[in-house]
Every structure is written in C-alpha cells, then in structure tokens.
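Nothing in this text is a laboratory measurement; each read-out follows from the coordinates by a stated rule. Here the structure is a predicted model, which means the values were calculated and not measured. Cβ atoms come from the backbone with ideal geometry, glycine included; neighbour counts cover every protein chain shown.
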Amino acid sequence: MAKDSIKVRLPGLGGQGAVTAAHIAATAADTDGYFAVSNPFFGAEKRMAPSESYTRIGTVPIYDRGEVIYPDIVMIFHPQVITMGKSYTMPFYAGIKENGLVIINSDHDLLTDGDRKTLEDLNVKVLTHDFTKFAIDQAGTELATNMAMLGALFGALGTVSKSAIEEGIKDRFLKKYTASGGTATLDSVIEKKFKKKQELIDKNLSTASAAYDLTAAWAKEVGLEQILEPSKNNNGNLPK
Amino acid sequence: MSTIKDMTKTHNWSGQKLVTADHMLFDAPREKHFMTGSEVLKEAVKRCTVDASVSYPITPQSEAAHLIGELWAEGYVGTYFRGENEFGVMSEVAGCAMAGARTITTTSGPGTLRAMENFPQWSGTRIPCQLVLMARGINSPLTIQPDNLEVTFMLETGCQIWYAENVQELFDMSIAAFVVAEKPDVHVPIVTVCDGFFVSHTRESVMLPADDIALFPYEPYKSPLPPIDSETPPGRFLRDPFVMKSNYISYATHASWQFEVRSAVERSRPYAKHFLNGLVHVTGDADAEIAFVTCGTASNQAKEAQRDLAKQGVKSKVIKLRTIRPFPTEELLAELDGVKHIFIPEFNVVGWLEKEVKEALYKKHDAEIVGGPRVAGGMSLPSEAILKEVFEHINVEGA
C-alpha cells in the first residue's frame, strides 16, 4: 500500500553531491505539491569522507527532522559506503522498513547472502547499477552521478514529474544569481555564465531523465509496488 | 535596490519602504519559497533595517553569518565586520548596540561558551541586540552536531530567550525579536534559538513577504539609557553605574539592577504574546491526558509521535513553548488542565527543560512528569523512540 509519507536516506562520500541531490529531490517534490524537507548530516567537509543527507516527502505535513533512522528508501552513492562502512549506520540498510527500496551505485553486486535474506524477508527490492558509468556516458562527467541517482529515485517512485525535477535543478543552479542580479555589473556576469550554466543544467537534466526511465522500467520489471501516494496537489504536473 | 541612499521618513538606505512590525508579520502578502534556516535568516535580516552585524564565521556555525555579509555587500546592512573570535564578536556587538545601532550576530556551541562573559554584560547594559543561537554541541568530545545543551548556560544571563521550531518560525521570530527587545520598557537583549542542522541546514517551504519592505529603524533615543556618543564630549565608552562607590557600583544598586533586568524580561510578555501569537502553541487533542512539553525540534518530533499515537487510538497533545525567558508558566498551566502524564523529550543530556517545567509546576499541578526521551550529540529523536518511552510509563487502554 502506498504511504502518505516516506523517508529517504542518501549515504555517499564527500564531493559526490549527495547533499545537492537531497535538496533537489525535496525541491522537486515540493514543486509537485508534496510536503518535502531535506537536510544534510556531515562531519569533516572533505572529499571521500562519509557524507549523508536525507529527503522526506509526503502528502501530509512532515515534522520529523535530522538523521533518518527508519528509512523507506536507501540510496547508496558509493561502493565504499558498504565495503568500508562509510556511513553513520551499519549495515547500510539498518532500520529499513518493510516493502522498501535500496538503490546501490556499484559496478558489481555487494550484497552478502545474509544481506539478501534480511532484505528479502522485509520485501525490500534492491537495484545495483553503475550510475557513475551511466553519468559519464550521459553527461561526460562522473560529477553527474548525483543527477543519475536523483533520476533513479524518482523513476522508482513514479509520482514526481520530470518537469518538477527540472525545476529543482534550475532552482539549485540559477537561484543565487537571480536573487542578487540587481546591478548591471552582475547582469553581464550572469549572461556570460548563463550559457555555461544552461549547458550544465541541460546535461544534468538529460542524465536525471535517462536514469528516471531506467529505474521506471526496472520497477515495472520486478513488480515494485507503489511506495508513495500521488501528490494531492501537484500543480497540474501529472506524472508521466 | 542595492545602492545606499539617505534614510527618509518613508524609505531606508537601501530603498525599502518602511513598515510596522504588524504589517510585516501579519498583513503583508506572502509568497512561498523553499530554503534553509540559514537562508531564511538572511531574508529576515534583509527586512529589518539592520545597522550593524559582526561575525566570526567558522565551523561549527551556520552559513547565516556570511549570508548577512552578502546583505552588507548588497547594501541592506549598515556595517559588517569580522571579530577576532566569538568573545570579540559579542563585545563588538555590545559596542555597536551601545552606540544606538540595531545589531545582530549568530553563534553556536563552543562559540557561545567562549563569548559567555558578554551575555550578562549585554543585559546589564540594557542593549536590545539580537543573538541568533543555532544550537550545536558543546565540546569535548569534539562535535559539530545539533544538541541544545548550550541553552542551559544562557538561561540566567538576563537575556530574553525565544525558541524557533522550524524555518518559518525562525523568520518570523527573528523579525519580532528586534521589535520586542527595542520596546523602551523592555530593552534587554534577545536570544533567538533554533536547533543547528535541524533548522539551520534543513530546507523546507516557507512563506515570506516581499523584500521591498523593511522595519522602521531602531530609535536609540527612546532607550532607557542614552546611547554613547563619542563625538559629543564627554564621550562615554562604558555604561557608568548610576551610583558609584569607589570604581564599582554599590552592592544595593547592583542587586536592584539585576532585579530590574529580570523585571524587564518579564515586561516583554504582552509584546511577545502579540507578535508570537501566544507564548505556547498546542497541537493534538485538547482533552488528552498525555502531554508533551517541548521546544524547538523536540516539538517536531513530538508532533510525529502525537500523530502516530492518534493512529493507535491514543489521545495526546504537544504543548510547544515559544519563549523560555520569560517562562510561560501561566499559559502552560492552562493547557495542562486534565493532563495526567507529561513527557519532556529533549536534545541534550541534562534535561534543562525538564528542570524548568518541574520548577514552574511545583505544587501547582499534580501530573506525573517524565523527563524524556533524551538524545544528544547529534542523534535524532524518531517518533518510535518517543512512543517507546510513553508505553514504558503508562498502560494505555486500546493501545
């Protein structure tokens, strides 16, 4: 049965953009009329150090804050989260709820037989896919891995539209400039940057969109039940 | 709108139209935005005709201090500079405020403790400055995570203390805070607290008025103590005690002044009640026998628990305290009518809110008071943990 609110845990490594992905995910869900909250949780801000963030999405107000202890969905951004325990909770699926979902960015299967058994007993579906390679193929840079993971999340959910994801990405990469673009000096800087930014946005968007299609097809194939209720007020943006 | 102009009767130096706090907080049309607590504080400061801000931007802090710096660069804040450390910052805030400037700064955790001597000095000099405290843990062990132990150190500084639950409350409170602190019959500093990370770094939807309006400026000559004026002799760089004995104030005067500072905090009640829409907010079943008494993020978590309990047929309510100084004893008592079990979930190891509530209710209410559940050091407090605490203490029929 689809839930009225879900919690997503996104453990990754510093520099991978898990925090950015969580923020864009919440912005996109908010755009489609969901209640949504995102927050990061990190220690030392350095590359390859554990960095976790969270997104909560629902059709009812969301009060819960902080680390997600009992997630519906876990998005593993890097194999080292599992192989080297670079996360705040061990094992990586600690606390996961029944009928949940785990998406792992890895080029090979990292689950032990024990993991598989535990997750199967909880009816948790697992998708392992090399989203870093996917990002390189789609956008020409591994820096777009987080966009692939973002698209993968929404493809599996199926209730947040691609246009909302686009809004989320634009909000993240354009907002700061539009907010303080009052002066002529700043305007010219924006115009120069805009071409580059537009390119960046387009590539991010196409990566997220392709990953969305990939997991949507996978969800259908494995019979993933709908996890999250459709938005009750999706601003007219019907999910595709 | 970012060129600095002269202040007129209708517009401030950045060209924003001057409005009353009532208009800003209650009447001005609002639009939805999606932002973090740090970002929303920038939006609040932008609308407050702030004269001065001093910062020491370092981890653990929030982005708020440097975002206020951006406002200064854009022409919305009169002056902005960095202190050499948090002690320096809070001293310099005092200097700005004594000179008659509307002043704000932010801090967290270790910074708060380093600056400690200044806070009672602020209230003793009756300056109406604002400190936004985004509570983070206290060392050691070294931490940067959310934990509100530091608030217990602030309780007896003579400052007003308000507690914001979320991004929206942080916006509205930090605007109202200036107005209440600057009332001539109050005129003591105000500490607007929110939980670090849970509010400062959390992105959620928030309703904001347009940014072409701003509060009327602070009027320092309505202050109960005159602002210092270094250009008109004799320039006074310290607030002289009003009855001198040797170089120090007489004990009787010092004692009475401390009482006066606390009385001033008490006199903030009617203003706080007006601008905060009451000193406590209640969610849940009015006739519940189980109540959660909370502030800040603990209110969020208790609301989740209240909703989960309702799904199991158990009635409860969340009584959120919006001010800690003054402490809303009367309002709390009124909401506790018929309550038999009080739970006080907290984000610290000492249970300072439990102590506050017990002191307030002593011989005034006979409910059982459970101080907990408590988490600390950055742990979150899931509804599941709150429900466990409730069911350990009471046998609820129908559960």
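The figures follow:
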item: Dipole magnitude of the protein assembly as shown about its Cα centre (Cβ charges: Lys, Arg +1; Asp, Glu -1), debye to nearest 20; result: 940 debye
item: Two-site FRET efficiency, B:Q258 against B:K388, from Cβ-Cβ distance with R₀ of 45 Å, rounded to 0.05; result: 0.55
item: Those chymotrypsin sites (Phe, Trp or Tyr not before Pro) in region B:311-399 that DSSP places in a loop and that have at most 14 other beta carbons within 10 Å; result: B:Y362
item: Chain B: C-alpha gyration tensor shape, a/c 1.5 cut-off, then a/b vs b/c; result: prolate
item: Global form of region B:17-221, assessed from the alpha-carbon gyration tensor, a/c cut-off 1.5; result: oblate
item: Fraction of beta bridges assigned by DSSP in chain B that are antiparallel (%, nearest 5); result: 30 percent
item: Computed FRET value (nearest 0.05) for A:D107 with B:S140, which takes r as the C-beta separation and R₀ as 60 Å; result: 0.90
item: Ranked B:D6, B:D212, criterion: other C-beta atoms within 10 Å, fewest first; result: B:D6, B:D212
item: GluC sites (Glu not before Pro) within region B:55-118: DSSP coil, no more than 12 neighbouring Cβ in 10 Å; result: B:E84, B:E117
item: Three-way shape call for region B:282-393 based on the alpha-carbon gyration tensor, with the a/c threshold at 1.5; result: oblate
item: C-alpha long axis of helix A:162-179 to longest principal axis of chain A, angle in °; result: 40 degrees
item: Segment A:V60-A:T83, length gained on full extension (0.36 nm per residue, minus Cα span); result: 4.6 nm
item: DSSP H segments from chain B that extend 15 Å or more along their own axis, Cα-based, with Kyte-Doolittle mean of -0.5 or above; result: B:86-98, B:167-181, B:251-266, B:383-393
item: Beta bridges per DSSP with both ends in region A:5-222, % antiparallel, nearest 5; result: 60 percent
item: Percent RCO, i.e. relative contact order, over chain A, from Cα pairs under 8 Å lying at least 6 residues apart; result: 25 percent
item: All Cα pairs of region B:1-110, percent lying beyond 25 Å; result: 23 percent
item: Virtual paramagnetic centre 7 Å along Cα→Cβ of B:R82, amide N under 16 Å, in region B:36-69; result: B:53-69
item: Computed E for A:D137/B:K363 - FRET, C-beta separation, R0 56 angstrom, nearest 0.05; result: 0.20
item: Cα centroid separation - region A:124-175 against region B:124-184, whole Å; result: 38 Å
item: Neighbourhood charge, 9 Å Cβ-Cβ cut-off, centred on B:S14 and excluding it, Lys, Arg +1 and Asp, Glu -1; result: +1
item: Ranking of A:S163, A:S38, A:S5 by count of other Cβ atoms within 10 Å, fewest first; result: A:S163, A:S5, A:S38
item: Qualifying GluC sites (Glu not before Pro) for region A:64-161 [loop in DSSP, other Cβ within 10 Å: at most 13]; result: A:E98
item: Mean residue ellipticity (222 nm) of chain B, computed from DSSP H runs ≥ 4 via -39,500 (n - 2.57), nearest 500; result: -10000 deg cm²/dmol
item: Net charge of neighbours whose Cβ lies under 13 Å from the Cβ of A:E98, counting Lys and Arg as +1 and Asp and Glu as -1; result: -1
item: Rounded to 10°, Cα long-axis angle of helix A:184-222 versus longest principal axis of chain A; result: 20 degrees
item: Pairwise centroid distance, computed over Cα atoms, of region B:37-110 with region B:261-313, Å; result: 29 Å
item: Percent of Cα pairs exceeding the 24 Å cut-off, where the set is region A:8-159; result: 27 percent
item: B:C129, B:C159, B:C295 arranged by Cβ crowding within 10 Å, fewest neighbours leading; result: B:C159, B:C295, B:C129
item: Summed residue charge, Cβ within 10 Å of A:V126's Cβ, Lys/Arg positive, Asp/Glu negative; result: -1
item: Rg/Rh ratio calculated on Cα atoms of the protein assembly as shown (Kirkwood radius); result: 0.99
item: Modelled label reach - B:D185, point 7 Å along Cα→Cβ, region B:75-111 residues with backbone N closer than 12 Å; result: none
item: Degrees, to the nearest 10: A:145-157 long Cα axis against longest axis of chain A; result: 60 degrees
